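Coordinate-derived values only; no laboratory data. Quantities reported herein were computed from a predicted structural model and do not represent experimental measurements. Reconstructed Cβ throughout: ideal geometry from the backbone, glycine too, with neighbour counts over all protein chains shown.
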Amino acid sequence: MSTSINQANTQLNYEELRIEVREIVDRVIKPRAEATDREGIFPRESLESLAESGWNGVLIPEQFGGRGLDHVAFAIAAEEIGKGCASTSLVYVMHVGAVQTITLYGNEDQKERWLNPVRAGSIGTYSTSERASGGHWWFNFSEASRDGEDYILNAEKSFTTSSGQADFYIFQTRTPGAQTPTDVSFFIVDGELPGIKPGVWEALGVRGNHSGPIVYEGVKVAAQDKLGTEGQGREILESGVSPVYLIGLGSTWLGVAEAALSAATEYVKNMIHRDFNKRLADYQIIRQQLAEVKVLIESLKPWQISLAKQLDELQVQGRPLVELLLPLVEFKIHAAEVANKATKAALDVTGGYGYKKGVFERLFRDARAGIAMGPSNNIAREWIGKALVGLPLELWHEGGD
Ligand SMILES: Cc1cc2nc3c(=O)[nH]c(=O)nc-3n(C[C@H](O)[C@H](O)[C@H](O)COP(=O)(O)OP(=O)(O)OC[C@H]3O[C@@H](n4cnc5c(N)ncnc54)[C@H](O)[C@@H]3O)c2cc1C
């Protein structure tokens with residue numbers, strides 16, 4: 001695992017960075033959020049604006065055209081983007097995670113070829129989940145075959161954010177000779193290769209992020225795009241894919257919760273019942289609900305920054321990021337739950353008007369994705385519960401089936 005990046009970031013001014021992202025969100029991303037959702041439009045222009053400002057390469061070392069920032073900066077960016085548009089933030093999180101997997105586990109040639117184009121707008125994503133193993137996305141039943149030195153990929157992936165839109169996929173499958181469904185390997189798959197067939201994405205929320213099914217049929221990938229070694233999948237999953245994804249995912253839901261609270265607060269301050277000349281904000285029950293959400297949000301903020309800082313420290317020390325897996329999973333669960341509580345409260349305090357098509361019902365629908373996205377909150381709580389009582393997590397097949 002590469003450890004040479006992001007060691008000089010001790011003096012970053014995070015508040016300035018937050019203001020910088022917020023400006024892009026307010027100018028480009030937030031104004032498009034409604035149409036992105038309503039029409040299921042992939043947020044291409046929003047991503048382009050993030051690429052132009054270098055935020056798409058937030059964690060990429062400067063030598064490969066990135067900004068060489070750290071996990072704190074990334075978490076702040078995901079949160080701010082989440083405030084403006086959940087669909088865009090999820091695409092962004094998958095992209096940064098995919099790119100970081102290459103930074104950590106790619107060879108020099110792969111970094112040259114796949115990281116440099118990010119500055120010009122190239123988008124990556126993860127393609128891991130398969131229907132046969134559902135939310136246990138570290139299990140794959142698909143298997144690549146060999147073609148000389150190269151590989152032929154065949155798989156039906158059940159969900160892949162940015163499917164059909166991404167320039168490259170961090171693709172997980174088994175290779176010939178794999179002994180178990182968790183003996184997986186990773187490939188970087190060029191989105192232009194023949195045989196990639198994205199399906200339709202129609203869902204309750206995050207309708208712009210194209211997280212639909214995708215079929216890989218006889219996709220030929222050159223040996224030079226195998227990421228890491230065969231069978232290194234577990235390490236890549238635990239220390240490459242998951243940590244960045246989880247801090248980004250939790251930060252997105254924190255942003256969604258904040259957006260719901262801020263929009264609801266504005267609404268109740270301005271809506272006046274003329275019969276008694278009372279604003280909605282003048283009712284105690286309304287203020288109580290907002291306060292409850294505010295407290296939950298505040299509980300997430302220091303936790304988010306602390307986890308991101310710990311990720312940076314582990315990386316600088318060259319220690320495996322898997323050490324933080326369970327705390328990151330706990331953060332993901334809580335952030336998704338808080339987003340759901342916040343958007344539910346926002347719908348409640350804004351009454352029938354909140355229920356109509358618009359920001360409140362959109363945020364409510366978007367937040368539901370947080371519960372299901374891997375690891376689903378049910379699965380994630382199982383891990384934490386098992387760890388608490390000293391039971392093995394039983395995530396990996398150690399022997400044959
Ligand atoms: C918006 C969105 C974006 C996504 N993006 C991507 C992506 O970019 N790349 C990718 O690879 N995947 C992606 N996924 C897939 C995601 O990570 C999960 O794999 C997927 O949501 C699992 O759905 P399923 O219906 O197969 O779940 P199932 O596993 O069938 O789950 C059904 C129910 O059973 C529960 N359950 C399942 N297993 C257990 C268990 N062991 N213990 C307790 N409860 C359990 C679940 O919590 C859920 O309530 C995305 C999903 C969504 C919704």
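For this structure, a couple of remarks:
- Take every pair of alpha-carbon atoms less than 8 Å apart whose residues are at least six positions apart; their mean separation over the length of the chain yields a relative contact order of 18 percent.
- Radius of gyration and maximum dimension Dmax of the chain, Cα, Å: 21.1, 80
- Kirkwood Rh in Å, taken over region 127-227 so that all alpha-carbon pairs contribute: 13.6 Å
- Spin-label model, ARG131 to ARG234: label points 7 Å out along the Cα-to-beta-carbon direction sit 2.9 nm apart.
- Residues whose amide H lies under 5 Å from that of ARG279, counting only those 5 or more places away or on a different chain, are HIS273; hydrogens are built 1.01 Å from N in the peptide plane.
- Of the peptides 266-275, 323-332, the ranking by mean beta-carbon count within 10 Å, highest at the top, reads 323-332, 266-275.
- Whole-number percent relative contact order across region 14-122, with pairs defined as alpha carbons under 8 Å at least 6 apart: 32 percent
- In order along region 86-93, phi translates into HN-Hα couplings of 5, 4, 5, 5, 5, 4, 4, 5 Hz, rounded to whole numbers, per the Karplus curve 6.51 cos²θ - 1.76 cosθ + 1.60 with θ = phi - 60° and x for Gly and Pro.
- Computed [θ] at 222 nm, helices only, for the chain once each DSSP H run of length n ≥ 4 contributes -39500 (n - 2.57): -15000 deg cm²/dmol
- Theoretical FRET efficiency, 1/(1+(r/R0)^6), r = Cβ-Cβ of GLU313 and GLU398, R0 35 Å, to 0.05: 0.70
- Taking 0.36 nm per residue of separation and subtracting the current Cα-Cα distance, fully stretching the chain between LYS357 and LYS197 would add 54.4 nm.
- Nearest-ten-degree value, helix 359-372 long axis tilted from longest Cα axis of the chain: 40 degrees
- Cα-projected label distance for ASN107 with GLN288, points at 7 Å along beta-carbon direction, nm: 6.4 nm
- Taking the alpha carbon gyration tensor of region 64-117, multiplying each eigenvalue by 5 and rooting it gives semi-axes of 23, 11, 9 Å, largest first.
- Amide H contacts of VAL184 (H built 1.01 Å from N, in plane; Pro and chain starts excluded): GLY233, ARG234 sit under 5 Å, all sequence-distant by 5 or more or on other chains.
- Annotation: peptides 203-213, 177-187, 371-381, ranked by per-residue average of other Cβ atoms within 10 Å with the highest first, follow the order 203-213, 177-187, 371-381.
- Computed extension gain for GLU156 through ASN13, at 0.36 nm per residue and net of the alpha carbon distance, reaches 47.1 nm.
- Approximate spin-label separation LEU326-HIS273, in nm, with each point projected 7 Å along Cα-to-Cβ: 4.9 nm
- Cα-Cα over 24 Å, subset of LYS301/LYS341; LYS30/LYS197; LYS344/LYS386; LYS30/LYS356: LYS30/LYS197; LYS344/LYS386
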